[in-house]
Amino acid sequence: MPRNCIRQRMDPPNKERRSPENGPRPCCSSLKMFLVALSFAYFAKALSGSYMKSTITQLERRFDIPSYLIGVIDGSFEIGNLLVIAFVSYFGAKLHRPKIIAIGCLLMSLGTFLIALPHFIIGRYKFETSIRSSVNSTSNLSPCPVRSASVLSTEAFSPSLPPFSGCEHESRLSMWIYVFLGNILRGIGETPVQPLGISYIDDHALEENAAFYIGCVQTISVIGPVFGYLLGSLCAKIYVDIGFVNMESISITPGDARWVGAWWLGYLIAGFITLLSAVPFWFLPKSLPLPERRLAKYPPERTSFIKDSPLLEHKYQADEPTNFLEMAKDFLPTLRSLLGNPVYFLYLCVTIIQFNSLIGMVTYKPKYIEQHYGQSAFKANFLMGVINIPAVALGMFSGGVIMKKFKLSIMGAAKFALGTSLLGYFLSLFFFAMGCENANVAGITRSYNSTEPVEYLDSSLLATCNAGCQCPETNWDPVCGENGLTYVSPCLAGCRTSHGSGMDTVFEQCSCVGVGNQTASVGQCNNRENCHRVFPYFLALSVITSFIISLGGTPGYMLLIRCIRPQLKSLALGFHTLTTRTLAGIPAPIYFGAIIDTTCLKWGHKKCGGRGACRIYNTSAYRIAYLGLTLGLRTASFFLCVLGLVVLRRHVKRQERGTLANGGTGAAAGELQALRKEENNSCNSDQSPRNTDYDPERETRL
């Protein structure tokens, strides 16, 4: 009787539930436990990552930094991945994968706590304002000091005077470094979760279930941002120094460009959740016994890409290097073999370009909603969490279900992913038609007589109506005049007196208003009715395009796994993540932010000197830059998509011809599968087990 038959005969009936080290252990339960643990880890890392993106504008204002520097901070997460991902993916696949994932979750938690640290070591947030906070102050404030006023009156408004004592402590330049380093540490910790987790599932699940399991995990990872953005929405509505200041003294609202929410609170919550996600991985085994049907059900497309036959896979694993030195020597040849796969290489190029578009778009989408449609930070984050992200989650899950239901081959998955991407692209072109006009701000977008718009180069905050006032042009303290025009400050509006306090302050005798009682109220004017009407259509189209594009996510991911040899799965996933994050995750937020900065019309200024965060943007230029860059990158990626589809079709046809000719790898794989089926039938006919030849290690690797 063949030895293979003897080896299978000696297996006990509950082969799938036995561990060579710990005795009986339910395989299915262990795999399900790993799925639950990995899903929770995906949820935790997605929650903290999306929360980071929801705090973009909060961090800009708190540390007085431009958008491109926020892009550097956001890209630092990918820098952390870059440092270790190649080695974690390669060496981690040969070590205890669940424990490595647990260590990564601990590092993610530590990095998230580090991001929140600056709030506890810097002073209270101070914003520019001309409004008195005392309720006892009524009419003794003069927003417009005349040029002949005393030096003391001028000092309160002059930006050219020497900085006040303790100015160095007010500088936020060094504080964002903590956020930068914390995000790097978070990126290092996140490294093993995806490549080791996905490869662990694909190694131990049945072929027909692998896509569904991975789709479920990816769906959970998309649900994480729902809670991340909702948490960002909640924290953005809470004032940054809540509990340490008298809220009656706060004269700005969450919709103001100077408002900073409690950004630090969400990082503490996200760090604790990430810490909990590390616990279950310490109790999971290094590997699980494979189901008996696993090796007998390779689809033809899968075997066409496997250079070694399924039976030789056991030999390959048995001959793996056993120490780090030998594994290191084998690294470069293995990587060369991986990149020599043309389908994998083209897939890599396509995803690099598309990830540049995706990461840049997602990073600044809440800010786009805030600046372009005049929404507050908490509302923008809320809408992202409850409308946009669920559509992505549903699309990812539906893609996995469609692939399982229709049993899509490699070619079918590639065509499906390309088709959904193209459809979503054409629908996204309608975003250009959903634009808003600029806010009416005197001296920036409108002339002081409000009769015609002004060009940015011709804009001037000074006019004859405020010529008698000693007004600083660097301040941003907007007021809304009776004429519906926003003025940069009460001084620049020519207001002479005021009464009331806090948000109830009313400025009077405003020479620049020129109509009615010549009064102005606190805050910008909310007169962009056309913009508010088009905003619901923008949200609806955003939901539809997000769902359609995400439908191809899971089939595309399975294409990545199926186009390579099983032994290279972890390395392929890790290298894919490495390159996309290096060439997309790091640069995309930086150059997206730099281009967005070019559309700024009014910059804030730090108290100690220097340019701070942008206060108002040219919305038309913002829309063209943001949408044009996003869709332009996707346009370039489609040319490579078509080329990759052609290469994939030729490769599949070539392997099919080799199979029909009974030669090459395809024929050998078919013969080995037939041989295995024949041996299984003969072994099942004999009911007497041979326990003397029982080899637990060999059983586990099958």
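The values are calculated or read from the model by the stated rules, or taken from the named source; none is laboratory data. All values derive from a computational prediction rather than experimental measurement. Every residue, glycine as well, gets a Cβ built from its backbone with ideal geometry; the counts of neighbours run over all protein chains shown. Quick note on the areas: whole protein, heavy atoms, side chains included, nothing else; ligands and nucleic acids left out. Shrake-Rupley method; radii C 1.70, N 1.55, O 1.52, S 1.80 Å.
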Q: Check off (1) touching a helix residue (DSSP H, G or I) at 6+ places or on another chain (Cβ under 7 Å); (2) at pLDDT 60 or above for GLU326 and give me the number that stays unchecked.
A: (1)
**Q.** Pick from region 566-601, criterion modelled with pLDDT under 80 and among the polar types (S, T, N, Q), ranking: farthest from THR129 (Cα to Cα)
**A.** GLN567
Q: Would you be able to say whether some residue in region 602-621 is at pLDDT below 85, under 26 Å from ALA413 (Cβ atoms) and not in a helix (DSSP H, G or I)?
A: no
Q) If we scan region 403-412, do we find a residue that is part of a helix (DSSP H, G or I) and within 30 Å of LEU492 (Cβ to Cβ)? A) no
Q: Mind listing just one residue for me: the one in region 427-448 that is in a loop (DSSP other than H, G, I, E, B) and without any contact (Cβ under 8 Å) to a residue 60 or more places away in the chain and, of those, most open to solvent (accessible area, probe 1.4 Å)?
A: SER447
Q. Taking region 239-251 as the search range and keeping residues that are closer than 17 Å to VAL522 by Cβ and open to solvent by less than 10 Å² (accessible area, probe 1.4 Å), which one is modelled with the highest pLDDT?
A. TYR239
(Q) Within region 549-557, does at least one residue satisfy the condition of being touching a residue at least 60 places away in the same chain (Cβ under 8 Å), of a type outside the set (Gly, Ala, Ser) and farther than 28 Å from PRO98 by Cα? (A) yes
Q. Out of curiosity, is LEU631 within 30 Å of ARG562 (Cβ to Cβ), buried (at least 20 other Cβ atoms within 10 Å of the Cβ) and modelled with pLDDT of 75 or more?
A. no
Q) Which residues, counting only those in region 258-281, are in contact with a strand residue (DSSP E or B) (Cβ under 9 Å, 6 or more places away or on another chain) and either surrounded by fewer than 23 Cβ atoms within 10 Å (Cβ to Cβ) or more than 24 Å from TRP476 (Cα to Cα) (or both)? A) ARG258, TRP259, ALA262
Q. Quick one: is THR554 touching a Phe, Trp or Tyr at 6+ places or on another chain (Cβ under 9 Å) and assigned to a helix (DSSP H, G or I)?
A. yes
(Q) Being of a type in the set (A, V, I, L, M, F, W, C), at pLDDT below 85 and out of contact with any strand residue (DSSP E or B) (no Cβ under 7 Å at 6 or more places or on another chain) is the filter here; which residues of region 425-479 pass it? (A) LEU457, LEU461, LEU462, ALA463, CYS465, ALA467, CYS471
Q. Residues in region 60-75 that are buried (at least 24 other Cβ atoms within 10 Å of the Cβ) and either within 17 Å of ARG186 (Cβ to Cβ) or without any contact (Cβ under 8 Å) to a residue 12 or more places away in the chain (or both): how many?
A. 5
(Q) Please pick out the residue among GLY424, GLY419, GLY360, GLY399 that is of a type outside the set (A, V, I, L, M, F, W, C) and either surrounded by fewer than 17 Cβ atoms within 10 Å (Cβ to Cβ) or not in a helix (DSSP H, G or I) (or both). (A) GLY419
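Each row is one residue, and each column tells you yes or no for (1) part of a helix (DSSP H, G or I); (2) farther than 18 Å from LEU185 by Cα; (3) modelled with pLDDT under 60; (4) of a type in the set (Phe, Trp, Tyr).
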| site | (1), (2), (3), (4) |
| --- | --- |
| LYS53 | yes, no, no, no |
| PHE77 | yes, no, no, yes |
| LEU82 | yes, no, no, no |
| TYR90 | yes, yes, no, yes |
Q: Kindly indicate which of PHE397, PHE378, PHE382 is within 21 Å of the chain's Cα centre (by Cα), over 29 Å from ARG634 (Cβ atoms) and touching a residue at least 12 places away in the same chain (Cβ under 8 Å).
A: PHE378
